[in-house]
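J.: Sending over a structure as structure tokens; questions will come in a sec.
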Amino acid sequence: MRLKEELIESHIIYRGRVVTLRIDTVRLPNGRTTRREIVEHRGAVAIVPLLNTDTVLLIRQYRQAVGETLLEIPAGTLEPDEPPDACARRELEEETGYTARQLRKLFSQYLAPGYSQEVLHVYLAEDLVPAPQQLDEDELVELVPTPLREVETMILQGQIKDSKTIAGLLMTLRLLERH
């Protein structure tokens, strides 16, 4: 507890559809005060969809924030009060056109705890069954079946740069090695 900061005041300066930005004034354990810029986000899910024992379904999507088209695992934002596993099932079907007979949680992670409280819940989806793909109006994605044996090399060569994708894929590879 000797590292805990005391909140003195908090002001919301922007409230958007996806994020809220607030400025917190805090007192540090040494008595000094400082400001923290905090991004509020209701949380998200990401899914590692295994088409079979050798193939993972990635999506190719343009990301305006970084100005690049990235290879990623499917992901999406939680709706208010939506359980993460329900969101994972919804996003998997929307983005890939598959449902999973088996869905298991791999881990949860903070994406950028220095400035955001967003938590991402990562799932492994197995025993996939085709279903109608139902992309959101503002989503343009390309489905990219990818051999699992190539994933590690793709990460090392910079073909996969997205942190949630790297973490989810590496955890999946670790689990598959054990079985």
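Every number in this text was worked out from the coordinates using simple rules, so none of it is lab data. Because the structure is a prediction, the values reported are computed rather than measured. Reconstructed Cβ throughout: ideal geometry from the backbone, glycine too, with neighbour counts over all protein chains shown.
J.: Tell me whether region 87-179 comes out rounded, prolate or oblate; compute the Cα gyration tensor, take square roots of the eigenvalues as a ≥ b ≥ c, and use a/c under 1.5 as the rounded threshold. Show your work: numbers first, answer last.
T.: Working: a/c = 1.34, a/b = 1.12, b/c = 1.20.
Judged from the Cα gyration tensor, region 87-179 comes out rounded (a/c under 1.5).
J.: Helices from the chain with mean Kyte-Doolittle at least 0.0 and a Cα length along the axis of 18 Å or more, per DSSP H: which? Walk me through the intermediate numbers first.
T.: On the way: long enough: 163-178 (23 Å, 0.51).
Result, helices passing both filters: 163-178.
J.: Label point 7 Å out from residue 137 along Cα-to-Cβ: which residues of region 97-124 have amide N under 19 Å?
T.: Correct set: none at all.
J.: In debye, nearest 20, what is the charge dipole magnitude of region 44-178 about its Cα centre with +1 on Lys and Arg Cβ and -1 on Asp and Glu Cβ, if you could check? Display every interim value, and only then the final one.
T.: Details: 12 positive and 23 negative charges, 128 e Å.
It works out to roughly 620 debye.
J.: Candidates (i) 18.5, 58; (ii) 17.6, 57; (iii) 20.8, 65; which is the computed Rg and Dmax of the Cα atoms in Å?
T.: Computing Rg and Dmax of the Cα atoms in Å and matching it to (i) 18.5, 58; (ii) 17.6, 57; (iii) 20.8, 65 gives (i).
J.: If you don't mind, another one. For the chain, modelled as a Gaussian network with Cα springs under 10 Å, which listed residue fluctuates most, 23, 38, 155?
T.: Result: 23 has the largest fluctuation of those listed.
J.: Expressed in nm to one decimal, what extension gain is obtained for the pair residue 105 and residue 62 from 0.36 nm per residue of sequence separation less their Cα-Cα distance? Mind dumping the intermediate values first?
T.: Details: separation 43, 0.36 × 43 = 15.48 nm, distance 2.67 nm.
That pair, residue 105 and residue 62, stretches by 12.8 nm at full extension.
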